[in-house]
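Below is one structure, written out as structure tokens; comments come after it.
The values are calculated or read from the model by the stated rules, or taken from the named source; none is laboratory data. Note that this is a predicted model, so its numbers are computed, not measured. Cβ atoms come from the backbone with ideal geometry, glycine included; neighbour counts cover every protein chain shown. Each accessible area value is taken on the protein alone, full model and side chains, heavy atoms only, with ligands, DNA and RNA left out. Shrake-Rupley method; radii C 1.70, N 1.55, O 1.52, S 1.80 Å.
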Amino acid sequence: MKIKVAPSILSADFNHLAAELKKVERAGADLIHVDVMDGHFVPNITIGPQVVKYLRKATSLPLDVHLMIENPAKYVDAFVKAGGDMITVHIETVNLKGLAAIAKKLKDRGVRLGISLNPGTPLLKIKKSLPLVDFVLVMSVNPGFGGQAFIPGAINKIKELRAIFKKDISVDGGINNITAKLVKNAGANVLAAGSYIFGAKNIKKAINNLR
Ligand code: DX5
Ligand code: ZN
């Protein structure tokens, strides 16, 4: 499978967001990973639909909106309207019925749906969701902040998932040139990375290294 790289703007310079998006777009990024946090599901607060609306104007790359929020169903419409092309919700925040309703809504609007799971959540928890989603986002850090160390337990999770899931497997947290190799070998094909990309002197080289 082709490896896709999704820079996470959480590590970008928020004083120059549009320029940061252009920079990673020119450097060969495939998607823009947008981390939305509510201060409830995770101990941090980041951005909402209002900012996504401006991100949408600043790039032609697909916006991959990672919802780390309680009650995601309440906000899905707003993020789609703001220009999200992909929406990821956490299994820790939805039940199967709720997820099915979100899946239907997104399908009607041509938006891709992902399910994510925290490092402490077993793969078993998302098994019934797999037929409803277009991709899985495996967390390799506890969500909340950029720049954390990769949790190696993600590797076996990705391997087991790859054996039963043929669509995109994305991995998020602590991805750098070393951990990228491990997760790609395990079967992941989409790499979300914040600090490794935006902290690099040469962004193009950093993206190529991940690929
Ligand atoms: C973590 C976020 C990640 C984060 C990745 O809660 O979901 O997307 O921005 O940052 P790095 O690559 O620095 O671990
Ligand atoms: Zn993320």
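Suppose all protein chains stay in the model; what accessible area per residue would a 1.4 Å probe give for the chain, in Å²? Don't skip to the answer; put the middle values down first.
Numbers: 9650 Å² over 211 residues.
Counting only protein heavy atoms, the per-residue value for the chain is 46 Å².
I want the antiparallel fraction of DSSP beta bridges within segment 4-210, as a percent rounded to 5. Don't skip to the end; give the middle numbers.
Values: 1 of 32 bridges.
Restricted to segment 4-210, the bridges split so that about 5 percent are antiparallel.
Cross-link pairs exceeding 26 Å between alpha carbons, from the set Lys2/Lys157; Lys105/Lys157; Lys166/Lys204; Lys2/Lys159: Lys105/Lys157; Lys166/Lys204. Taking Lys57, Lys167, Lys105 as the candidate residues, the one with maximal mean-square fluctuation in a Gaussian network model of the chain, Cα springs under 10 Å, is Lys57. Solvent-accessible area of His40, all protein chains in place: 140 Å² (probe radius 1.4 Å, heavy atoms, ligands and nucleic acids excluded).
Please report the antiparallel percentage of the DSSP beta bridges confined to segment 1-86, to the nearest 5. Please list the in-between numbers first.
Numbers: 1 of 9 bridges.
The antiparallel fraction comes to roughly 10 percent.
Any of Lys57/Lys205; Lys57/Lys128; Lys23/Lys125; Lys22/Lys125; Lys74/Lys128 with alpha carbons more than 31 Å apart? Name them for me. From the list (Lys57/Lys205; Lys57/Lys128; Lys23/Lys125; Lys22/Lys125; Lys74/Lys128), the Cα-Cα distance tops 31 Å for Lys57/Lys128; Lys23/Lys125; Lys22/Lys125. Taking a straight line from the alpha carbon of Lys97, these aspartates and glutamates sit under 20 Å away, with near neighbours fewer than eight places off in the same chain left out: Glu70, Asp77, Asp108, Asp134. Largest GNM mean-square fluctuation among Leu17, Leu137, Leu191, using the chain with Cα springs under 10 Å: Leu17. Considered as an equivalent ellipsoid built on the Cα gyration tensor, segment 110-211 has semi-axes of 23, 14, 13 Å, the largest given first.
When the chain is fully extended, how far beyond the present Cα-Cα distance does Asn142 get from Met1, taking 0.36 nm per residue of separation?
Answer, rounded to one decimal: 48.1 nm.
Note on the chain: GNM, Cα springs under 10 Å; of Lys166, Lys22, Lys53, the largest mean-square fluctuation is that of Lys166.
Please arrange Lys201, Lys159 by accessible surface area, largest first, computed with a 1.4 Å probe and ligands excluded.
Details: Lys201 210, Lys159 105 Å².
In descending accessible area the options line up as Lys201, Lys159.
A simple spin-label model places the labels of Ala58 and Lys167 2.9 nm from each other, with each point 7 Å out along Cα-to-Cβ. Of the whole protein surface, Glu160 contributes about 110 Å² of accessible area at a 1.4 Å probe radius.
Using a 1.4 Å probe over the heavy atoms of the protein chains, calculate the carbon and sulfur portion of the accessible area of the chain as a whole percent. Each step should come with its number before you reach the end.
On the way: 5320 of 9650 Å².
Exposed carbon and sulfur together represent 55 percent of the surface.
Ligands, DNA and RNA excluded, the heavy atoms of Lys74 present near 140 Å² of accessible surface to a 1.4 Å solvent probe.
Cα convex hull, the chain: 106 Å³ per residue, rounded to a whole number.
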